[in-house]
Amino acid sequence: MMIPHEVVSRIVDGALPVRAWREHLNLTEEEVAERMGISPLAYAEQETTPRPRKATREKIAAAFGITASQLEL
């Protein structure tokens, strides 16, 4: 399971994994929400959740093009 150094650095600096990955992938909250078929507000809430539910992690990972396990740090 590869996690880019930039993502790890953002997490060490205090970002939650979902936000660190989104920023690493240069995606906006709106783009991810659209990929997931949810509202930007609903997605934004996921970025503030320390440990999203498994099903939610899987949907976010799919939107990012990564595995759900890469969001578990």
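Please treat every number below as a calculation from the coordinates, not as lab data. All of these numbers come straight from a predicted model, not from anything done at the bench. Positions of Cβ are backbone-derived with ideal geometry, glycine not excepted, and every protein chain shown enters the neighbour counts.
Which of H24, V12, L71 sits closest to the plus end of the dipole of the stretch 5-71, meaning its Cα is farthest towards the positive end, when Lys and Arg get +1 and Asp and Glu get -1 on the C-beta?
The residue sitting most towards the positive pole is L71.
Cβ under 14 Å from E29's Cβ, E29 left aside: what net charge do those residues give with Lys, Arg +1 and Asp, Glu -1?
-3
Treating the beta-carbon of each Lys and Arg as +1 and of each Asp and Glu as -1, no other charges, what is the dipole magnitude of the stretch 5-71 about its Cα centre, to the nearest 20 debye? Before the final figure, lay out the partial values.
On the way: 9 positive and 10 negative charges, 77 e Å.
Dipole size: approximately 380 debye.
How would you rank V12, V7, going from fewest to most other Cβ atoms within 10 Å of each one's own Cβ? Working shown, then result.
Numbers: V12 10, V7 23.
Ranking V12, V7 by Cβ neighbours within 10 Å, fewest first, gives V12, V7.
Determine the calculated [θ] at 222 nm for the chain from helices alone, applying -39500 (n - 2.57) to every DSSP H run no shorter than 4 residues and normalising by the residue count; nearest 500 deg cm²/dmol.
Computed ellipticity for the chain at 222 nm equals -16500 deg cm²/dmol.
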